[in-house]
Amino acid sequence: MKQHLFVANWKMNKSFAQAIDFCMTHHDALQQLGSKPHTQLVLCPSFPVLFSLSELLQDTMVHVGAQQCSPHKPGAYTGQVSAQSLRDVGCTYCIIGHSEQRAQGITHHDVAQQAARLFEQEIMPIICIGEHKEEYIQQRTFQILAEQLEPIMSLLAHKQFVIAYEPVWAIGTGLVPENAYLQSIVTWLEKQLQSSGPRTAYRILYGGSVDEKNVGKMRSLDGIDGFLIGSTSLDFQKLKKIVSLGT
Ligand code: PGA
C-alpha cells in the first residue's frame, strides 16, 4: 500500500501561542495520526514556532516543516532564514515556490536556489507549482509548469523531493480541478521527471481548497501521493478527517 503525505500549510494564520496550543491540546491525537501506517503528517507553522513545535512533537511521528527558506548560503541577508537554521530547529520539510511567495517576487531561479540550500541540509523540499486562472483558461498550464520547473530540473537528479501541484485558481477559492484534469497533470509531471530518478524518489501532492469533503475523490487517483492543505488544516477535527479517510 502506498504512503500518503499530508502537509498542513498554516501560512500566517496561527500565532505562536495558537500553534503551541493546537499541538498541546491535540498532542495524543497527533501522536496517533502520526503513527498511522502508510501516512505521514507534516505541520508547517510560521518561523518562530518551529523550534517549540519540533520539541513538543518529538515523541510523535509528526514532522515539522517551514513555509520558505533563503535561497542564499549564510551571510549578510537581513531578515532571511537559512536552510541550516531550519535544520537546527528540527525541520525535515520546507515548502518552496508557493504562489503567495512567487507573488511577492520570488522567481523560478530563487526557488531552484532554495531547493539547492535544502538539499545541502537534507531537508525535503516541497516544490509548489501551478498556473493562474487566465493561464488555465488559455490552456497554457503545461507551458507555465514547464517554465517553473526549468531552473530546478538539473538539481533533482538522484534526489528525494516533493512536488505540490497547486493551481492558483484553486487556492482559497473552494474550487478543485476535475479528476481527469488532475490526472493529466500527474501524467505530464511523471514524464517530465522521468530523468530525475525512479517514481519512488519523488511524491506528487495536490493542493488548493482541499477539505474533508472533496479529498476522498482525489485520493482515488493513482498518481496523487498526498495533499497540501491550507485553511482546512487549521481545524484539528477536519485535518484528522482528511488524514484518516481511507487509511
Ligand atoms: P487552501 O490553501 O487549502 O486554503 O486553498 C492551500 C495552499 O495555499 O497551500
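The values are calculated or read from the model by the stated rules, or taken from the named source; none is laboratory data. Computed from a predicted model, the values in this text were never measured in an experiment. Counting neighbours? That spans all protein chains shown, and the Cβs are built from the backbone with ideal geometry, glycine included.
Looking across region 56-81, the residues that are buried (at least 19 other Cβ atoms within 10 Å of the Cβ) and either in contact (Cβ under 8 Å) with a residue 60 or more places away in the chain or farther than 17 Å from VAL42 by Cα (or both) come down to GLY65, SER70, PRO71.
Set side by side, the residues VAL215, VAL210, VAL243 differ, and just one is under 16 Å from the mean Cα position of the chain (by Cα) and either exposed (fewer than 13 other Cβ atoms within 10 Å of the Cβ) or within 30 Å of LEU155 (Cα to Cα) (or both), which is VAL210.
Of the strands (runs of 3 or more DSSP E) lying entirely inside region 43-159, those containing at least 3 residues that are over 21 Å from LEU193 (Cβ atoms) and at pLDDT 95 or above are 63-66.
Residue count for region 1-43 satisfying the condition of being β-branched (Val, Ile, Thr) and within 16 Å of the ligand (Cβ to nearest atom): 2.
Of all the residues in region 220-247, those that are of a type in the set (Lys, Arg) and within 10 Å of the ligand (Cβ to nearest atom) number 0.
One residue stands out among those in region 166-216 that are over 18 Å from GLY97 (Cα atoms) and acidic (Asp, Glu): the one that is farthest from the ligand (Cβ to nearest atom), which is GLU190. Checking LYS133 against (1) surrounded by fewer than 15 Cβ atoms within 10 Å (Cβ to Cβ); (2) out of contact with any Phe, Trp or Tyr (no Cβ under 7 Å at 6 or more places or on another chain), which single condition isn't satisfied? Going through the list (1) surrounded by fewer than 15 Cβ atoms within 10 Å (Cβ to Cβ); (2) out of contact with any Phe, Trp or Tyr (no Cβ under 7 Å at 6 or more places or on another chain), LYS133 breaks only (2).
Can you confirm whether ILE163 is touching a residue at least 60 places away in the same chain (Cβ under 8 Å), within 14 Å of the ligand (Cβ to nearest atom) and either part of a loop (DSSP other than H, G, I, E, B) or not hydroxyl-bearing (Ser, Thr, Tyr) (or both)? It is false that ILE163 is touching a residue at least 60 places away in the same chain (Cβ under 8 Å), within 14 Å of the ligand (Cβ to nearest atom) and either part of a loop (DSSP other than H, G, I, E, B) or not hydroxyl-bearing (Ser, Thr, Tyr) (or both).
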